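What follows is a short report on a single structure.
A short reminder: the numbers here are calculations on the coordinates, not readings from a lab. Fair warning: this is a prediction, and the values are worked out from it, not measured in the lab. No Cβ is skipped: glycine too gets one built from the backbone with ideal geometry, and neighbour counts run over all protein chains shown.
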Amino acid sequence: MFTLLFIIFLLADTSLRLWLAVRQLRHVRQHRNHVPSPFDDRISLRSHQRAADYTAGGTRITIVERVTEAALLIGFTLLGGLQFLDVQLGRLIDGEMLRQLALIGSVLAIMGVVGIPFTIWRKFVLDERFGFNRLTPGLFMSDLVKTLIVVLLLGAPLAAAVLWLMGNTGHHWVWLAWLTWIGFKFLVIWLFPTFIAPLFNRFTPLDQPELQERIQALAQRCGFPLKGLFVMDGSRRSAHGNAYFTGFGRNRRIVFFDTLLSRLNVDEVEAVLAHELGHFKHKHILRRTIVGTFMALAFLLLLQVLSTQVWFYTGLGVIPQLGRPNDALALILFFMVMPVFTFWLAPLLARASRRDEFQADAFATQQSSGSALQSALVKLYKDNAATLTPDPLHSAFYDSHPPAMARIQALAHGS
């Protein structure tokens, strides 16, 4: 019965995502030759067509990737792939902890290898075609190795701790694992700006006095504790521009991509940061963190129930080993199949995120210039080849930010 339920949900998930992707392709193609009226005086038809073609190219890759992921999931579960790995590792490795860690590592390695061709295609074919890629094969391999090392150094101890708790603390393991995960999450947030991010990029203090003064004044007006302003050499890898906040407490810092600073003027940068500070002021990030933390607890409680049910394993093509712990199997199966049963949450989460974006935009118009934010967004849409005409249903299901037209119109009305 559980096998049938899994198949039904997997087919529903995959079919819906493919249908939405086809709608996106059709809608973008239909509007390719006409720039929407709010943008027709600021974005050329050529730029609009370039964005449409870039979006269509990315969507086509996503279609192939989605089908591949579904096939891989079936291969691991119903076709016996995970069962085969578990049995073979049980024959090769005597230590239970090492065997379970090897099983988790093997599955992640296979999934990672399968995903690499799609990353390569996006970077070296799609982005190269549209002039975004600046990543060399050597730098790509270097990033890959560094990422693997970071994942091993941080992920292996976390997995070992969770497996030990599952096997040695009885029914209390859920709460202890949840607390361990919370501690791990804050550890990564603390490590990221000073230890992890510098492994991949170079960060230098912002050296633009006028912009520094404007940002410091804006942060002070918004009550935002700011530790430093940094510029990241994002142009080493991509022509896309961005900015982000990192750290927590009084160690927060703002990081600009050098590509972003090269495109926006001082007023526009201030407006973009005012938008980001709107998320801080309205406690959007705090709320998302709290929601995510308690969702993790709910998932762990569900995992505790499922891990004791034989039908959970056998329904997904795995026979639990007798006389040996199956905690790694439970973890892998749970996190593999859970997205299949929770895909309907995506539009709800996306809708909440878009509401927050509108609220942050409104805050930005109060703290800076609404017209400068509009100008900055139009430049970013153009430079990043973001489509101005996404399919409404595709956007409602996936997009964490409002469609360009709705966002610009809301800003114009608010201004």
### Query
Under 12 Å from the Cα of Lys379, which aspartates and glutamates turn up, not counting those fewer than eight places away in the same chain?
Glu268
### Query
Put a dot 7 Å past each Cα toward the Cβ at Glu210 and His172; how far apart are the dots in nm?
6.2 nm
#### Entry: Candidates Ile110, Ile61, Ile196: whichever shows maximal mean-square fluctuation once the chain is modelled as a Gaussian network with Cα springs under 10 Å
Ile110
### Task
Would you compute, from DSSP H runs of 4+ residues alone, the mean residue ellipticity of the chain at 222 nm, taking -39500 (n - 2.57) per run and dividing by the full residue count, rounded to the nearest 500?
-23000 deg cm²/dmol
## Note on the structure
Given pairs Lys123/Lys227; Lys146/Lys185; Lys146/Lys283 and cut-off 28 Å on Cα-Cα distance, the over-length ones are Lys123/Lys227; Lys146/Lys283
### Message
Just want the answer: with Cβ charges of +1 for Lys and Arg and -1 for Asp and Glu, which residue in Ser395, Thr77, Pro225 is farthest toward the dipole's positive end in the chain?
### Response
Ser395
### Query
Counting Lys and Arg as +1 and Asp and Glu as -1, each charge on the Cβ, what is the dipole of the stretch 24-63 about the Cα centre in debye, to the nearest 20?
160 debye
### Debye, to nearest 20: dipole size of the stretch 122-220, +1 on Lys, Arg Cβ, -1 on Asp, Glu Cβ
260 debye
#### Entry: Dipole-positive endmost among Thr147, Gln216, Thr308 within the chain (Cβ charges, Cα centre)
Gln216
### Task
Sort the following peptides by mean Cβ neighbour count (other Cβ atoms within 10 Å, averaged over residues), highest first: 280-292, 375-387.
375-387, 280-292
### Message
How would the stretch 275-352 be classified by its alpha-carbon gyration tensor: rounded, prolate or oblate, with rounded meaning a/c under 1.5 and the a/b versus b/c comparison settling the rest?
### Response
prolate
### Query
Does the chain classify as rounded, prolate or oblate by the C-alpha gyration tensor (a ≥ b ≥ c root eigenvalues; a/c under 1.5 gives rounded; else a/b over b/c gives prolate, otherwise oblate)?
prolate
### Assigned charges on the beta-carbon of Lys, Arg, Asp, Glu; the chain dipole about Cα centre (debye)
300 debye
### Message
Once each part is reduced to its C-alpha centroid, what is the distance from the stretch 240-313 to the stretch 123-202 in angstrom?
### Response
15 Å
